[in-house]
Amino acid sequence: MATEQGPARSLRPGVPPGAAAASAVTVAGPRVARAEEVLTPEAVAFVVGLHRAFEGRRQELLARRKTRRAEIARAGTLDFLPETAGIRAGDWTVAPAPRALRDRRVEITGPTDRKMVVNALNSGAKVWLCDFEDATSPTWQSVVSGQLNLIDAFEGRIDFTTPQGRAYTLRPAGELATVVVRPRGWHLDENHLLVDGRPVAGALFDFGLYFFHNAARLLAKGPEDPNSGPYFYLPKTESHLEARLWNDVFSHAQEQLGIEHGTIRATVLIETITAAFEMDEILYELRDHAAGLNAGRWDYLFSIIKNFRDAGERFVLPDRNSVGMTSPFMAAYTRLLVRTCHRRGAHAIGGMAAFIPSRKDPEVNAAALEKVKADKDREAAGGFDGSWVAHPDLVPVARASFDAVLGDRPHQKDNPGSAEPVTAAQLLDIAGAGGSCTAVGLRNAVAVGLRYCEAWLRGLGAVGIFNMMEDAATAEISRSQIWQWIHNGVVLADSGEKATAELVRRLISAELDGLRAELGGEAYAAGRWTEARELFEQVSLAEDFVDFLTLPGYALLG
């Protein structure tokens, strides 16, 4: 099958050339070098099989999200599900962790470009969250070449030299991080693979290609190798029913390829407010495949705004940078996550340290690293088994915090976590965070969101902005806060101005004027700033809240 794209190609996997196709499978996209190694007829057929088996349920669950959001709008609250009380009260555990996932004290995150693959695997972290989701702009080039880069890494042929002469070489296999792949969320399509004219789910495209090409390859390495099985992170999960769908996908995929049930392991990001009320149920649905839960920050706050956007002043978040993991409602969420995971024999993984060390400003470095250390010390003391960093220089900082608590132990699942009960009211006590909405915070939201959107439209998903490694979650919380402040008539504490669409447009214009002066006319014109402005205004200022900025953004990627 030809995979160097150009004109659209229709095929029916398994049907001889020239045979009448009862249904059409079309792969179409810009030319990607070596794509034929990824988009083989057999691999495409495997993804198409996943689509045919599960697309109907995916659509039902996406519709259920809207129904549930409407219920939250009517009730103005959330609670633990009465119909699953038996699961929460039950005495059960998830399957034991495989050898490669027992010690997860430091995990590094990043996209799938070739340089990142080498740096992440060599970073000294125990795990690399290999990200096809928030840290990847899902261009056809990125999603196909990312799969190829992983195949090359597992085959030991990822080494390369830049045009500037810098060499990137993998360390010995036993010293590498364990790869845990994060596919796209259920809401995203992959428009370059169509079945009967309909796009497949980005989640099934990313998962399916990775699993098809690498499951047997990884298992053949043997349990002593850190990369000895197919492991995943599951993003944007909103309910245990969505976890059930993933579990059924895993069971189906293993059966199709003759791989033992339970080989796949998945860690679920608890990054939506609805999932926070279903942690036990999510682990239960995935119990044969579950590896743990992760506590996010920006996407979790974004989800609170999205679900309670019309619930009044008590749900208005202050400046995003003032809401940390020690805010009462966030502390309740992390206590519940640690306790739930350890009761069920799963790993509890902490949040992100996104700071990018600066080699030019030692004072900024020292202050930021002290904050990172305090954050990781708090997580380790609070019972977490590991945590995330965004830069290799932060690996030893996080490792030291967890080494001090864990010692030679791989985890601390024997720590039951805080005995303090966590109630629905505590999880929803947004007003208890304190803080205020300020003009400084509004300008920062505009500056970060605009810069991120422009970079994302150029195909970059992980972007250094103001010494922080930002991904799509940052842009989501930035634009959703702007929407929330405008629609709740927030008066900015430091300026006395009211947050309005007109004020935001003025801030956007001022920001773009400053960028034009900073970059120079030629470099500015080479960027995608006009489209970035249009996208950012659409998702920040539209009357109706846009569920994800990546939905209208994807149409602009081409």
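The values are calculated or read from the model by the stated rules, or taken from the named source; none is laboratory data. Keep in mind that what you see is a predicted model, and the values were worked out from it rather than measured. Backbone-built Cβ (ideal geometry, glycine too); neighbour counts: all protein chains shown. Note: accessible area is taken over every heavy atom of the protein model, side chains too, but ligands, DNA and RNA are not part of it. Shrake-Rupley method; radii C 1.70, N 1.55, O 1.52, S 1.80 Å.
Which one of Gly514, Gly496, Gly527, Gly461 is small (Gly, Ala, Ser) and in contact with a Lys or Arg (Cβ under 8 Å, 6 or more places away or on another chain)? Show your work before the answer.
Details: Gly514 fails: in contact with a Lys or Arg (Cβ under 8 Å, 6 or more places away or on another chain); Gly496 fails: in contact with a Lys or Arg (Cβ under 8 Å, 6 or more places away or on another chain); Gly461 fails: in contact with a Lys or Arg (Cβ under 8 Å, 6 or more places away or on another chain).
One residue alone meets the criteria, Gly527.
Restricting to segment 398-411, give me the number of residues that are surrounded by fewer than 22 Cβ atoms within 10 Å (Cβ to Cβ) and either within 25 Å of the chain's Cα centre (by Cα) or without any contact (Cβ under 8 Å) to a residue 40 or more places away in the chain (or both).
Initially, segment 398-411 is screened for residues surrounded by fewer than 22 Cβ atoms within 10 Å (Cβ to Cβ), giving 399-400, 403-410.
Of the ones still in play, those that are also either within 25 Å of the chain's Cα centre (by Cα) or without any contact (Cβ under 8 Å) to a residue 40 or more places away in the chain (or both) are 399-400, 404-405, 407-410.
Within segment 398-411, residues that are surrounded by fewer than 22 Cβ atoms within 10 Å (Cβ to Cβ) and either within 25 Å of the chain's Cα centre (by Cα) or without any contact (Cβ under 8 Å) to a residue 40 or more places away in the chain (or both) number 8.
Which members of segment 170-188 meet the condition of being assigned to a loop (DSSP other than H, G, I, E, B), open to solvent by 20 Å² or more (accessible area, probe 1.4 Å) and either out of contact with any helix residue (DSSP H, G or I) (no Cβ under 7 Å at 6 or more places or on another chain) or small (Gly, Ala, Ser) (or both)?
Across segment 170-188, the qualifying residues are Arg171, Pro172.
Between Glu285, Glu242, Glu278, which is out of contact with any strand residue (DSSP E or B) (no Cβ under 6 Å at 6 or more places or on another chain), more than 27 Å from Ala177 (Cβ to Cβ) and open to solvent by 20 Å² or more (accessible area, probe 1.4 Å)?
Glu285
Collect the residues in segment 123-157 that are under 18 Å from Thr109 (Cβ atoms) and part of a loop (DSSP other than H, G, I, E, B), keeping them in residue-number order.
Within segment 123-157, Ser123, Gly124, Ala125, Lys126, Phe132, Glu133, Asp134, Ala135, Thr136, Ser137, Pro138 qualify.
Can you find a residue in segment 198-212 that is touching a residue at least 40 places away in the same chain (Cβ under 8 Å), closer than 18 Å to Val179 by Cβ, among the acidic types (Asp, Glu) and surrounded by 22 or more Cβ atoms within 10 Å (Cβ to Cβ)?
So far as segment 198-212 goes, yes, one or more of its residues are touching a residue at least 40 places away in the same chain (Cβ under 8 Å), closer than 18 Å to Val179 by Cβ, among the acidic types (Asp, Glu) and surrounded by 22 or more Cβ atoms within 10 Å (Cβ to Cβ).
Please verify whether segment 458-466 includes one or more residues that are without any contact (Cβ under 8 Å) to a residue 24 or more places away in the chain, surrounded by fewer than 14 Cβ atoms within 10 Å (Cβ to Cβ) and of a type outside the set (S, T, N, Q).
yes
Report, by residue number, each residue of segment 452-482 that is in contact with an Asp or Glu (Cβ under 6 Å, 6 or more places away or on another chain) and more than 20 Å from Ile356 (Cα to Cα).
Result: Leu457, single match.
Consider Ala253 against the criteria (1) out of contact with any Ser or Thr (no Cβ under 8 Å at 6 or more places or on another chain); (2) open to solvent by less than 10 Å² (accessible area, probe 1.4 Å); (3) within 23 Å of Asp134 (Cα to Cα): it satisfies all of them except one. Which criterion is unmet?
(3)
Tell me whether segment 329-338 contains one or more residues that are open to solvent by 60 Å² or more (accessible area, probe 1.4 Å), in contact (Cβ under 8 Å) with a residue 60 or more places away in the chain and within 28 Å of Tyr284 (Cα to Cα).
The answer is no, given that none of the residues of segment 329-338 is open to solvent by 60 Å² or more (accessible area, probe 1.4 Å), in contact (Cβ under 8 Å) with a residue 60 or more places away in the chain and within 28 Å of Tyr284 (Cα to Cα).
Output the residues belonging to segment 213-237 that are among the small types (Gly, Ala, Ser), open to solvent by 10 Å² or more (accessible area, probe 1.4 Å) and assigned to a helix (DSSP H, G or I).
Listed by number, the list holds a single entry, Ala216.
Could you grab me the full set of residues in segment 297-317 that are assigned to a loop (DSSP other than H, G, I, E, B) and closer than 20 Å to Met352 by Cβ?
If we filter segment 297-317 for residues that are assigned to a loop (DSSP other than H, G, I, E, B), which is where we start, we get 297, 308-312, 316-317.
Listed by number, the residues that qualify are Arg297, Leu317.
Please enumerate the residues belonging to segment 522-558 that are assigned to a loop (DSSP other than H, G, I, E, B) and farther than 22 Å from Pro30 by Cβ.
Ala542, Glu543, Asp544, Phe545, Val546, Asp547, Phe548, Leu549
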